[in-house]
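The values are calculated or read from the model by the stated rules, or taken from the named source; none is laboratory data. It should be emphasised that the depicted structure is a prediction, and the values quoted were computed from it without experimental measurement. Cβ sites come from the backbone with ideal geometry, for glycine too, and all protein chains shown count toward neighbours.
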Amino acid sequence: MNPSLLPRGRSESYDELDWLLSSPIVSSLDGPIAGRATQYLKIMLERHDGPETFYRYRAAVLEKLLESDRRLPLPTWLIDFFAVSASRFPFFFDQAW
């Protein structure tokens, strides 16, 4: 992996990210690896999560992010999706997050 792609101050190996960095989609994106990973997640959710999945992948992503560290900022596009969808998809909000 190209060391310039690693976050500042991080010297440990990021071998587990090789699959992500080898993606043609991620290669075409700009910015640090965390930003590109978030962009990739958004692209994949737009591609694979929709009415046919009842948008459950987005709900799973939100749940996982909130479980991991509630102090981390959530992606704006994910917040916006749920804000707009609250009235259209009430089943998202039947759960206690």
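Here are a few things to note about the model shown:
- Looking at Phe82, Phe91, just one residue is among the aromatic types (Phe, Trp, Tyr), assigned to a helix (DSSP H, G or I) and either at pLDDT 90 or above or surrounded by fewer than 13 Cβ atoms within 10 Å (Cβ to Cβ) (or both), and that residue is Phe91.
- Pairs are defined by a Cβ separation below 8 Å, a sequence spacing of at least 6 or placement on different chains, a first member in the stretch 16-35 that is farther than 17 Å from Glu46 by Cα and not assigned by TED's automatic domain parsing to the domain that holds Leu65, and a second member that is part of a loop (DSSP other than H, G, I, E, B) and of a type in the set (Ser, Thr, Tyr); the pairs so defined are Ile33/Tyr14.
- Flag for Tyr40 being surrounded by 15 or more Cβ atoms within 10 Å (Cβ to Cβ), at pLDDT 85 or above and on the phi > 0 side of the Ramachandran plot: no
- Checking every residue in the stretch 66-77 against the condition of being surrounded by 15 or more Cβ atoms within 10 Å (Cβ to Cβ) and part of a helix (DSSP H, G or I) gives zero matches.
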